[in-house]
1. One-quarter of the Cα convex hull surface for segment 257-333, in nm²?
2. Which peptide among 136-145, 285-294, 163-172 comes first, and what is the full order, when sorted by highest mean count of other Cβ atoms within 10 Å?
3. As a check on your grasp of the helix formula, calculate [θ] at 222 nm for the chain: sum -39500 (n - 2.57) over DSSP H runs of n ≥ 4, divide by the residue count, round to the nearest 500.
4. Convert each backbone phi in segment 316-321 into a coupling constant with the Karplus relation 6.51 cos²θ - 1.76 cosθ + 1.60 (shift: θ = phi - 60°), then list the ³J(HN,Hα) values in order as whole Hz, x for Gly and Pro.
5. List the GluC sites (Glu not before Pro) within segment 276-329 that fall in a DSSP loop (any state other than H, G, I, E or B) and whose Cβ has at most 14 other Cβ atoms within 10 Å.
6. Can you give me the angle between helix 223-238 and the longest principal axis of the chain, using Cα atoms only, in degrees from 0 to 90, rounded to the nearest 10?
7. Using the Karplus curve 6.51 cos²θ - 1.76 cosθ + 1.60 with θ = phi - 60°, work out ³J(HN,Hα) for each residue of segment 59-73 in order, rounded to whole Hz, and write x for Gly and Pro.
8. Sorted by mean Cβ packing within 10 Å, highest first, what order do the peptides 182-192, 36-46 take?
Amino acid sequence: MSDLEALQHEALTAVDAADSLDELDRVRVRFTGKRSQLAVLQKGMRELSPEERRARGQALNAFRDAFQAAYDTRYQQLQAEALRSRLEAERLDLTLPPRRLPPGRPHLLTQVEQEMLEVFIGMGYRVAEGPEAEAGSYNFDLLNIEPDHPARQEMDTIYVDGFDDVVLRTHTSPVQARVMTTSPPPIAVVCPGWTFRADAVDATHSPVFSQVEGLYVDEQVTMADLRGTLLAFARAMFGHDRDIRLRPSFFPFTEPSAEVDVSFHGPGGNHGWLEILGAGMVDPNVLDACGIDPERYSGFAFGIGIERVAMLRHDVGDIRELFEADARFLARF
Ligand code: DAH
């Protein structure tokens, strides 16, 4: 009996000393498992007399109860401790200031393009788009630009390797041809997108730039409609005190054609005109080639450089600023 008392003392001491749940489990196996002294004593009961067996049985039960009680207590303590230290380790310091990420925003060109489109959408235009790799027929032929027309060279066309007649569009005008060949008048579309020319990069040239093309075709469209539309555009983009001026020009796809300037008033009485776009009345040959009856319909078209509008409006002196992604520049807009 005193063996059992000693064993119980040893076991309960070990339970109290266990400092982790793993250790506690090892103590349990050591004192109550299949190869424990308890198991040996239990087996030995077979050889005892009935009285002895009863007494031993009670003693062993008492041992087991005492062990289980001590075990349960320690188990709960250790579990509470484990939880406490985990909470401590995962503690959040709610007094730390938040890490501030500067808010992002669309690129200046995207902002300006969006604004330009909105001006025209407000006048009833819808947005149409076309491919950047374009068939020569749309980029040139349907727009009245003959194969040997100097404009093909002037535009420094980039041809797509391995295709017979595919170019990176040199302007967004092919989209007007695409719209006219697929939908009947009345037509009022604006066509934004990237355009490409084999130009060397300098302060005013980039081989990749962007335009918004406009096209309005209906019965009895006149040059006065063109002027009114572009005046409304210029005032919306540059300010309500602005004026526009149309200068005679030439484009193969319009007749007559004009270059359009917007007025400016700078400090110290400095004022003048800045060119912002090309425009004109759609050439009857273009209407005809695109399947629209020039006897019944007329229209105007215009092409606006988005970089140019952005640069004029925001005093950007070098087109490269628009493509270099310098965070200090971008943060200004
Ligand atoms: N496509 C011309 C260019 O890239 C711009 C242009 C001029 C478009 C007159 C037009 C237009 O629609 O009528 O230089």
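1. Hull-based average projected area comes out at 7.9 nm².
2. For the peptides 136-145, 285-294, 163-172, the packing ranking is 136-145, 163-172, 285-294.
3. -13500 deg cm²/dmol
4. Whole-Hz 3J(HN,Hα) from phi for segment 316-321: 8, x, 9, 4, 4, 4.
5. Those that pass, being in a loop and sparsely packed, are 295, 324.
6. 40
7. Working through the residues one at a time gives 4, 5, 4, 4, 4, 4, 4, 4, 4, 4, 5, 5, 4, 4, 4 Hz.
8. 182-192, 36-46
FYI, it's all coordinate maths here, none of it is from the lab. Small disclaimer: the values here were computed from a predicted structure and weren't measured. Heads up, the Cβs are rebuilt from the backbone with ideal geometry, glycines too, and the neighbour counts pull from every protein chain shown.
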